[in-house]
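The values are calculated or read from the model by the stated rules, or taken from the named source; none is laboratory data. What you are looking at is a predicted structure, and each value in this text was computed from that prediction instead of being measured. Quick reminder, even Gly has a Cβ in these numbers, built from the backbone with ideal geometry, and neighbours come from all protein chains shown.
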Amino acid sequence: MLDFNVLIPETAEPDKLWDLIILGGGPAGLTAGIYAARYKLETLLLEKSIVSGGQLTATQWIENYPGFREPVLGKKLAADMEAQAKHFGLKVISENVQSVNLVDEIKVIETDYAKYQAKTVIIATGSSPRRLGLSDEQKYAGNGVSYCSTCDAPFFKDKVVAVVGGGNTAFEEALFIAKYASQLYLIHRREEFTADRIFQDKVFAEPNIKIITNSVVTGLNFDLLVGRSLNLQNTISKESSELEVDGIFIFIGNLPNTSLFTQQVELDEGYVVTNRKYETNQRGVWAIGDVQKGVLRQVATAVGDGAGAAHQVNKYLVENH
């Protein structure tokens, strides 16, 4: 039986001055914790969920992470990362952060249960895919519903899939998914697309991509592994229809998890602005992973960010404390 590292609620020492507090327990935060702990930094990781791993826990299989000849369960990869970090001395606590003070020299993180202080902070709170808002959408996430083509497209080889969206991301991802799928339906709520013309031309030229405009997905009929379908509604005629598919990819944008950091660090379209050293505009504060502006959102890149930021934190503490 797999141990998915459910975090048993506990509280770290509230009066302790930590070398580093990491906000977020996804692959970026966990890797930063591994490296920081190996640097012998007193490090606390705060994760709001009772299960660590971030979006890894919503991804059934990961096929493109180096070192695994066979696909690995997202939850198992997350559990192994956390176990490794704890082995080196990382303290992991499941608490929801209510407020932060990242401006002063000593950073203060306040949760539902305690107030923590640290010399440095790494923001690794990630981003969340914008969802359609369907009642069963979360239920089938990672099991027919996907927000990541590079993660899941290979699992739909010779299958029929739908892609929802009308921007550059939807069109780029559709082109990638079409390399695997036997048939791809690109669904958009309007007649016109916001994607660049070059992407539109490429999509329109693909023989196994069919465009469905002026339509929205209103329901998922995914109770069975075969014979799955989508409920569609035409936005003009209001007529309903059913579309048989094996899975659906949703690319209607991402929402960075940065509401805590407004007026604390520089944001651009909600994402944290960093330099090549992962530094924010606040001294002693770094940001890594999907929460950053303009990054490739993959497990491998998040892990690289975590290692790089921990190195920078250790260097900063050696030089300044």
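Some points to look at:
- Criterion: part of a strand (DSSP E or B) and either of a type in the set (D, E, K, R) or surrounded by 17 or more Cβ atoms within 10 Å (Cβ to Cβ) (or both) - qualifying residue of 230, 255: 230
- Qualifying residues in region 280-316 (those that are under 12 Å from the mean Cα position of the chain (by Cα) and of a type in the set (D, E, K, R)) - the one surrounded by the fewest Cβ atoms within 10 Å (Cβ to Cβ): 297
- Per-region count, region 258-303, residues more than 21 Å from residue 145 (Cα to Cα), touching a strand residue (DSSP E or B) at 6+ places or on another chain (Cβ under 7 Å) and part of a helix (DSSP H, G or I): 3
- Considering residues of region 260-279 that are buried (at least 18 other Cβ atoms within 10 Å of the Cβ) and among the β-branched types (Val, Ile, Thr) only, the residue farthest from residue 66 (Cα to Cα): 265
- Residues that are in contact with an Asp or Glu (Cβ under 7 Å, 6 or more places away or on another chain), modelled with pLDDT of 90 or more and crowded, with 21+ Cβ neighbours inside 10 Å within region 68-93 comprise just one, 92.
- Remark: residue 3 falls outside the filter, which requires a residue to be part of a helix (DSSP H, G or I), surrounded by fewer than 20 Cβ atoms within 10 Å (Cβ to Cβ) and at pLDDT below 90.
- Any chance residue 248 is surrounded by 23 or more Cβ atoms within 10 Å (Cβ to Cβ) and either out of contact with any Pro (no Cβ under 8 Å at 6 or more places or on another chain) or within 22 Å of residue 32 (Cβ to Cβ) (or both): yes
- Residue 50 satisfies every condition listed in (1) modelled with pLDDT of 85 or more; (2) of a type in the set (A, V, I, L, M, F, W, C); (3) within 30 Å of residue 264 (Cβ to Cβ) except (1).
- Flag if residue 299 is within 29 Å of residue 156 (Cβ to Cβ) and of a type in the set (A, V, I, L, M, F, W, C): yes
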